[in-house]
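Coordinate-derived values only; no laboratory data. Quick caveat, the model's predicted, so the values are computed rather than measured. Please note: Cβ atoms are built from the backbone with ideal geometry, for glycine as well, and neighbour counts cover all protein chains shown.
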Amino acid sequence: MTCCDEMARAQTEEAIVQKEKYELADGRILNDVETEFFIRSANERGRVSYFGLNYCPFCGRPLSRGLWFAEKKK
Ligand SMILES: [Zn+2]
């Protein structure tokens, strides 16, 4: 289940992964967003980094749980 075709393609290419934080054992999470969507990047030494996403970078829809919870409280 994805918000748009570009997100689906990014997930196919593993540029963006949908996982729980505790499942990301092969790299470091470099920001603090309550989400299960992460941009995955690897440098030339093979070190993997993840950046949590609040919004889809393609269509702009909210992705993160943090935003969903904030929305519910309104
Ligand atoms: Zn999208």
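Lys21: which aspartates and glutamates have alpha carbons under 16 Å from its alpha carbon, excluding same-chain residues fewer than 8 sequence positions away?
Asp32, Glu34, Glu36
With springs connecting C-alpha atoms under 10 Å apart, model the chain as a Gaussian network and identify which of Leu30, Leu53, Leu63 has the largest mean-square fluctuation.
The residue with the greatest mean-square fluctuation here is Leu30.
Remind me, relative contact order of segment 7-74 in percent, using alpha carbon pairs under 8 angstrom and six or more residues apart? Working shown, then result.
Values: 106 pairs, mean separation 18.2, N = 68.
Normalised by residue count, the contact order of segment 7-74 is 27 percent.
May I ask which residue of Thr2, Gln18, Ile29 lies farthest towards the positive end of the charge dipole of segment 1-42, with charges of +1 (Lys, Arg) and -1 (Asp, Glu) on Cβ and the Cα centre as origin?
Going by the charge dipole, the pick is Ile29.
With the convex hull built on the Cα atoms of segment 1-42, state its orientation-averaged projected area in nm².
On the way: hull surface 13.0 nm².
Computing the convex hull of the Cα atoms and averaging its projections yields 3.2 nm².
Does the chain come out rounded, prolate or oblate, given a ≥ b ≥ c as the square roots of the eigenvalues of its C-alpha gyration tensor, rounded meaning a/c under 1.5 and, failing that, prolate meaning a/b above b/c?
Values: a/c = 2.43, a/b = 1.41, b/c = 1.73.
Oblate, since a/c reaches 1.5 and b/c is not below a/b.
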